[in-house]
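Only one structure is covered here, and it is reproduced in the block below.
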Amino acid sequence: MATVRTDHYDPAADGTAGSLQERIWEKCEQDPGDYREEVARLTGLRAVGADELAALRPRFDALSFAEASARVCLFAVDASGKHLLVLADPFDPYQRSWALQRFGEPFSFAFCVPSDLLAYMALHEAEHRALEPVSATQLSDRVADGGLEISLATLAHDTHPVIRLVNSSLYDALKARASDIHIESTATGLVIKYRIDGVLLATGGASGVEMAEQVLSRLKVMADLDIGERRIPQDGRFRAVINQRDIDFRVSIMPSVHGGEDAVLRVLDKQRGEKSAEPLRLDRLGHEPDTVRAIRAVAGEPYGLILVTGPTGSGKSTTLYATLTEINTGEEKIITIEDPVEYELPGILQIPINDKKGLTFARGLRSILRHDPDKILVGEIRDGETAGIAVQAALTGHLVLTSVHANNVFSVLDRFLHMGVDLHSFVDALLGVVAQRLMRKNCPHCTRDDVPDAELIAASGLTPAAVKGWLFRKGAGCEQCRMTGYLGRQPIAEVLRFNDVLKQCFVERRPITELKQLALANGYVSIRQMALRAVADGRTTLTEVNRVTMAE
């Protein structure tokens, strides 16, 4: 809870508040020194001068730059380690009420001359500037997929609050390693949330219905959408240059119950694989050694079909890219067809889907087969036509890697049969299936020993005897992990390799219990067991494992 004096003067408590506040603001313009003394005497708040303000350590992780700019305040740490919320308008009771509900850690209110705070925020504007306003020349600069490509310039004089809010939100999201940005309209304004490590976290917002409408219009202009259409969903994309990196944003606009609209932006850092210090490899992604060996064994086959399954955002594409990087020796032709190209890989021909031009997965895959490939990556199997072509490509001497939405390695057969693929051809082509999830890891900065209660252990399908000797750990919450107790994620996966006996059981449509027993006899380890290994050695918690996997 915030620490704040209860005996300070509140100008809203008497009828002369307006005139008194006007006189104090006038004094601020005439003599900032007298202004600080007068406000400190009336409110009991700490006065922060320009020099002291410059010495503060801003906490943009706790109060994002976007929200701080919108509310004209600053959450920071002083030299003694105390948290301060520095206000430009100490007479605003709504601001104080908002702050008391906003922050979960102790802090004190302070104030400074408004011009000093604005100057301070302007110094940080450059590092938090993600995009520039869309100019007429930029509007004509189309990228191949139909979106806009917007370059970073240096228009530091632009202070439009809507532009600053959008720009700063994009920058903050990239800095926080967010995979998605959710901008949700409410009855009184908008709320901004980031999906970090697979979980939505509220990071800020802005008040006012008009502000919400302008923010959504801004996003529509950037994504080349119809700003006058507010009754139906719209999808688009744009590209931004942030910190000398090309970042793609996929935009989805949806009408909401309040008459406004909601937006979701998927953050796609295409150069992550290209500009990382080390090339993508399966072991560097965090996969368990058993999983890495199994995937490498399957990918080492000369031809056949390899499937990676899992929900949206589970790291399927990253695992596929890492596999391609490992098998790319330069002696074979590797072609990918994706929607969109999420990583740029050297030495590989990558083709982006363009539905507007008629380049679908099925049509592109047919063309790829005439381009003399040895190995093919299909971003996703979405329909029966694409599935059929992929299976035929695997049967005719190509190694085909692709992803499909299925709950586990045993349910992929039903998924392909539902799309109308011939059972015998599919099973004959199939080399292996990888089912993957992303699991949050305990924050290394605040992790502590933990003792889970008996109810949680029982709900996890375990017994006290089964967990004896386990090293239970849990993050307490700190600045680095945004008080969540988790920092970063690691993939967990189950790999099912298909031999002749297992293929025969699939063709005969044997019960899933029999298939699992046969798979276990051949070295199969379920994704749940992989996750529990991480709990046993203190890398994550039972709560997190129960969130991402189902009890067996």
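The values are calculated or read from the model by the stated rules, or taken from the named source; none is laboratory data. What you are looking at is a predicted structure, and each value in this text was computed from that prediction instead of being measured. All Cβ positions, glycine included, derive from the backbone under ideal geometry; neighbour counts span all protein chains shown. In case anyone asks, the SASA skips ligands and DNA or RNA and just uses the protein heavy atoms, side chains included. Shrake-Rupley method; radii C 1.70, N 1.55, O 1.52, S 1.80 Å.
Test Ile253 against the stated conditions and say whether it is open to solvent by 80 Å² or more (accessible area, probe 1.4 Å), not in a helix (DSSP H, G or I) and not small (Gly, Ala, Ser). No; evaluated as a whole, the condition is false for this residue.
The residues of region 384-410 that are open to solvent by less than 10 Å² (accessible area, probe 1.4 Å) and part of a helix (DSSP H, G or I), listed by number, are Thr386, Ala387, Ala390, Val391, Ala393, Ala394. For region 470-481, the set of residues classified as in a loop (DSSP other than H, G, I, E, B) and open to solvent by less than 80 Å² (accessible area, probe 1.4 Å) consists of Trp470, Phe472, Ala476, Gly477, Cys478, Glu479, Cys481, listed by residue number. Taken together, Arg440, Arg415 contain a single residue that is open to solvent by 40 Å² or more (accessible area, probe 1.4 Å) and under 30 Å from the mean Cα position of the chain (by Cα), which is Arg415. The single condition from (1) outside any strand (DSSP E or B); (2) open to solvent by less than 30 Å² (accessible area, probe 1.4 Å); (3) closer than 27 Å to Ala176 by Cα that Thr291 fails is (3). Among the residues of region 418-435, the ones that are closer than 14 Å to Asn499 by Cβ and open to solvent by 10 Å² or more (accessible area, probe 1.4 Å) come to 2 in all. For Lys27, are the conditions met, namely being more than 29 Å from Asn167 (Cα to Cα) and at pLDDT 85 or above? The answer is no for Lys27. In the set (1) under 30 Å from Thr549 (Cα atoms); (2) assigned to a loop (DSSP other than H, G, I, E, B), Leu413 fails one condition alone, (2). Of all residue pairs spaced 6 or more apart or on separate chains, those with beta-carbon atoms under 9 Å, a first member in region 169-191 that is over 25 Å from Pro58 (Cα atoms) and a second member that is open to solvent by 40 Å² or more (accessible area, probe 1.4 Å) and among the polar types (S, T, N, Q) are Thr188/Ser207; Gly189/Ser207. How many residues are in a helix (DSSP H, G or I) and more than 22 Å from Pro93 (Cβ to Cβ) when one looks only at region 38-66? Summing the residues that are in a helix (DSSP H, G or I) and more than 22 Å from Pro93 (Cβ to Cβ) in region 38-66 gives 8. Is it the case that Ser97 is without any contact (Cβ under 8 Å) to a residue 12 or more places away in the chain, polar (S, T, N, Q) and outside any helix (DSSP H, G or I)? Here the answer is no, as Ser97 does not meet what is asked. Regarding Gly523, is this residue in a loop (DSSP other than H, G, I, E, B), more than 33 Å from the chain's Cα centre (by Cα) and modelled with pLDDT under 90? For Gly523, the condition - in a loop (DSSP other than H, G, I, E, B), more than 33 Å from the chain's Cα centre (by Cα) and modelled with pLDDT under 90 - is met. For region 367-382, indicate whether the set of residues that are in a helix (DSSP H, G or I), without any contact (Cβ under 8 Å) to a residue 12 or more places away in the chain, more than 27 Å from Val292 (Cβ to Cβ) and open to solvent by 10 Å² or more (accessible area, probe 1.4 Å) is non-empty. Looking for residues that are in a helix (DSSP H, G or I), without any contact (Cβ under 8 Å) to a residue 12 or more places away in the chain, more than 27 Å from Val292 (Cβ to Cβ) and open to solvent by 10 Å² or more (accessible area, probe 1.4 Å), one finds at least one in region 367-382, hence yes. For region 320-365, the candidate set comprises residues that are among the polar types (S, T, N, Q) and part of a helix (DSSP H, G or I); within that set, the residue that is modelled with the highest pLDDT is Thr323.
I'd like the residue in region 35-73 that is of a type in the set (Phe, Trp, Tyr) and open to solvent by less than 20 Å² (accessible area, probe 1.4 Å) and, out of all such residues, is farthest from the chain's Cα centre (by Cα). By that ranking, first place goes to Tyr35. Against the test of being crowded, with 17+ Cβ neighbours inside 10 Å, in contact with a helix residue (DSSP H, G or I) (Cβ under 7 Å, 6 or more places away or on another chain) and either assigned to a loop (DSSP other than H, G, I, E, B) or in contact (Cβ under 8 Å) with a residue 40 or more places away in the chain (or both), the options Pro452, Pro464 yield a single qualifying residue, Pro452.
Picking from residues in region 74-94 that are part of a loop (DSSP other than H, G, I, E, B) and closer than 24 Å to Ala202 by Cβ, the one that is least open to solvent (accessible area, probe 1.4 Å) is Ala88. Consider region 476-518. How many of its residues are without any contact (Cβ under 8 Å) to a residue 40 or more places away in the chain and touching a Ser or Thr at 6+ places or on another chain (Cβ under 9 Å)? So the answer is 2. Restricting Asp246, Asp235 to residues that are in contact with a Ser or Thr (Cβ under 8 Å, 6 or more places away or on another chain), assigned to a strand (DSSP E or B) and among the charged types (D, E, K, R) narrows the list to Asp235.
Every residue, every condition in (1) over 20 Å from Ile181 (Cβ atoms); (2) open to solvent by 20 Å² or more (accessible area, probe 1.4 Å); (3) of a type in the set (S, T, N, Q), yes or no:
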position	(1), (2), (3)
Val257	yes, yes, no
Asp262	no, yes, no
Gly300	yes, yes, no
Val308	yes, no, no
Ile335	yes, no, no
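Taking every residue in region 101-119 that is hydroxyl-bearing (Ser, Thr, Tyr) and pairing it with any residue that is surrounded by fewer than 16 Cβ atoms within 10 Å (Cβ to Cβ), at least 6 positions away or on another chain, the pairs with Cβ-Cβ distances below 6 Å are Ser108/Thr3.
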